[in-house]
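Before any comments, here is the structure.
Values in this text are rule-based calculations from the coordinates and carry no lab data. Only a predicted model underlies this, so the values are computations on that prediction, with no experimental measurement involved. Note that we place each Cβ from the backbone using ideal geometry, even for glycine, and neighbour counts take in every protein chain shown.
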Amino acid sequence: MTQILAITNQKGGVGKTTTSVNLAAALADAGKRILLVDLDPQGNATMGSGVDKRTVSNTVYQVVLGLSTAEKVRVHSDPGGYDLLPANRELAGAEVELVELDHRETRLRSALEPIAAQYDFILLDCPPALNMLTVNGLVAADAVMIPMQCEYYALEGLSDLVNTIKRVRQNLNPKLEIEGLLRTMYDPRNSLAQQVSSQLQSHFGSKVYATVIPRNVRLAEAPSFGTPAISLDRACKGSQAYLQLAGELIERQAAVGKALATV
Ligand code: ATP
Ligand code: MG
């Protein structure tokens, strides 16, 4: 069973890409077959996977516009141990070009269909906007993972995102669920962070992952070496947190699998 997870939050700089790259590497480390899709024209997940966005000739752009296939465009991230559909600034054009096309919201879903069964997890690193690329991500996904920093404005942005998810569920993808909320860049000494964290838990209960991602300089440095932190420094706190998150996801997936087997 393949699980497609959109890693999304329209707020910028909350740790979507750091989570996408390191979770992909941590799941691959656990023996899972992983595809990471870079849906952001910034191409940060591409660079962070050790693939030079300036030299790739085909990207998610060709895939969503139907000019090529996911099978042809995917590359392998050697440091990450997973496959990648890369992106670069060309993808910004898709935002405009998609508006003119039929089935504009379902293009990624259709493009992933032929290869989805080859993977245990497909992670979609979404851009910091509720735009057509993000909508394509939400339509292709089974569930959403929301990375967030525990700060005051985090909760405000969350209601817009939850409304967008509801709209996509009503109109385009009835199975879309919130898989979980992930606390990122967490500093336990910060009392506001503690307060927001407990508010999140009382609102969303078990939807908040038990794993917390700490602020960790190795996670911030790793992209400059073109590698997930897991392959750079497995022992650092950041890598350990993402390995733990991978364990949490695998356990949840196994529980769903078991429940399905009994119906
Ligand atoms: P954007 O919205 O621009 O796509 P994003 O949500 O993908 O951003 P990241 O690029 O993952 O966020 O992270 C933003 C910045 O914070 C980056 O410089 C990253 O290296 C740093 N960062 C992310 N997570 C952590 C962490 N746990 N500890 C320290 N630095 C982090
Ligand atoms: Mg990003």
Self-check item: Tally, over segment 215-238, of residues that are over 15 Å from LEU23 (Cβ atoms) and either surrounded by 14 or more Cβ atoms within 10 Å (Cβ to Cβ) or within 13 Å of ligand 1 (Cβ to nearest atom) (or both)
Solution: 12
Practice problem: Look through GLY205, GLY157 and report the one residue that is farther than 23 Å from LYS32 by Cβ, without any contact (Cβ under 8 Å) to a residue 12 or more places away in the chain and either not in a strand (DSSP E or B) or not acidic (Asp, Glu) (or both). | Solution: GLY205
Quiz item: Looking only at segment 119-132, which residues are surrounded by 24 or more Cβ atoms within 10 Å (Cβ to Cβ) and within 16 Å of ligand 2 (Cβ to nearest atom)?
Solution: LEU123, LEU124, ASP125, CYS126, PRO127
Practice problem: Tell me which residues, restricted to segment 227-248, are hydrophobic (A, V, I, L, M, F, W, C), over 22 Å from LYS53 (Cβ atoms) and part of a helix (DSSP H, G or I). | Solution: ALA241, LEU243, LEU245, ALA246
Quiz prompt | Failed item, numbered, when VAL212 is tested on (1) within 12 Å of ligand 1 (Cβ to nearest atom); (2) surrounded by fewer than 19 Cβ atoms within 10 Å (Cβ to Cβ); (3) more than 17 Å from the chain's Cα centre (by Cα) | solution = (3)
Quiz item: Right, ALA254: within 14 Å of ligand 1 (Cβ to nearest atom), surrounded by fewer than 17 Cβ atoms within 10 Å (Cβ to Cβ) and assigned to a helix (DSSP H, G or I) or not?
Solution: no
Quiz item: Which one is nearest to ligand 2 (Cβ to nearest atom), of the residues in segment 14-34 that are part of a helix (DSSP H, G or I), of a type outside the set (S, T, N, Q) and surrounded by 24 or more Cβ atoms within 10 Å (Cβ to Cβ)?
Solution: LYS16
Quiz item: What do you reckon, is VAL63 of a type in the set (Val, Ile, Thr) and either in a loop (DSSP other than H, G, I, E, B) or within 16 Å of ligand 1 (Cβ to nearest atom) (or both)?
Solution: no
Exercise. Hey, can you tell me all the residues within segment 35-57 that are more than 9 Å from ligand 2 (Cβ to nearest atom) and closer than 21 Å to ILE178 by Cβ?
Key: LEU36, VAL37, LEU39
